[in-house]
1. Write out, first by first residue and then by second, each pair whose Cβ atoms fall under 7 Å of each other, whose residues are 6+ apart or on separate chains, and whose first residue, in the stretch 15-43, is free of Cβ contacts under 8 Å to residues at least 12 places away in the same chain while the second is not in a helix (DSSP H, G or I).
2. Residues in the stretch 73-119 that are under 15 Å from residue 41 (Cβ atoms), free of Cβ contacts under 8 Å to residues at least 60 places away in the same chain, in contact with a strand residue (DSSP E or B) (Cβ under 6 Å, 6 or more places away or on another chain) and outside any helix (DSSP H, G or I): how many?
3. Residue 85 passes all but one of (1) surrounded by 14 or more Cβ atoms within 10 Å (Cβ to Cβ); (2) farther than 24 Å from residue 2 by Cα; which number fails?
4. How many residues are in contact with a helix residue (DSSP H, G or I) (Cβ under 7 Å, 6 or more places away or on another chain), at pLDDT 90 or above and more than 14 Å from residue 138 (Cβ to Cβ) when one looks only at the stretch 23-49?
5. Taking the stretch 120-131 as the search range and keeping residues that are under 18 Å from residue 20 (Cα atoms) and assigned to a helix (DSSP H, G or I), which one is nearest to the chain's Cα centre (by Cα)?
6. What number of residues within the stretch 88-105 are surrounded by 16 or more Cβ atoms within 10 Å (Cβ to Cβ), farther than 14 Å from residue 64 by Cβ and modelled with pLDDT of 90 or more?
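The values are calculated or read from the model by the stated rules, or taken from the named source; none is laboratory data. All values derive from a computational prediction rather than experimental measurement. Neighbour counts are summed over all protein chains in view; Cβ atoms, including those assigned to glycine, are modelled from backbone coordinates with ideal geometry.
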C-alpha cells in the first residue's frame, strides 16, 4: 500500500480540466486525503491565510500552482505567500505545474525559496508519480 507523506492538496489552476485530471490521478494512485481546488491564486491565498487553518498532521500540504490565471496569477500568489509569516508558510510545499516552456519562467519560479519543483503540463499519472517519489512524498 502506498504511503503519502503530506496532508491536503491545493490545486491552483484556472483550467477546470487540469484540476479534475490531477484529482483523478491522485485518487487513482491511492491518495485519500483532502483535495482543495482554486481557480486563481487569490482564492488559494485567502484559504491558506485563514486564521482557523492549521498545519496538517503530516506537517505540510502539497500546493500545485499554475502560472497564468486571472485575478491573481501564480507569480502574484508567490509574492503574497512570500510575504506571509514563517509559521503560515511552513505548512506548504509548493510546486509549479504549468504549460510554460519559457526558461525564464522556470528560473523565476526557483528564485522563490518556497518553490520546490517546476513541472510542465500535460500532467500524466507517471509524471505525477515520479514527482511524488522523487521528492519523497510517496512511498510505494
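1. none
2. Within the stretch 73-119, residues that are under 15 Å from residue 41 (Cβ atoms), free of Cβ contacts under 8 Å to residues at least 60 places away in the same chain, in contact with a strand residue (DSSP E or B) (Cβ under 6 Å, 6 or more places away or on another chain) and outside any helix (DSSP H, G or I) number 5.
3. Result: residue 85 passes all but (1).
4. Matching residues across the stretch 23-49 total 7.
5. Going through the qualifying residues, I end up with 128.
6. Qualifying residue count, the stretch 88-105: 1.
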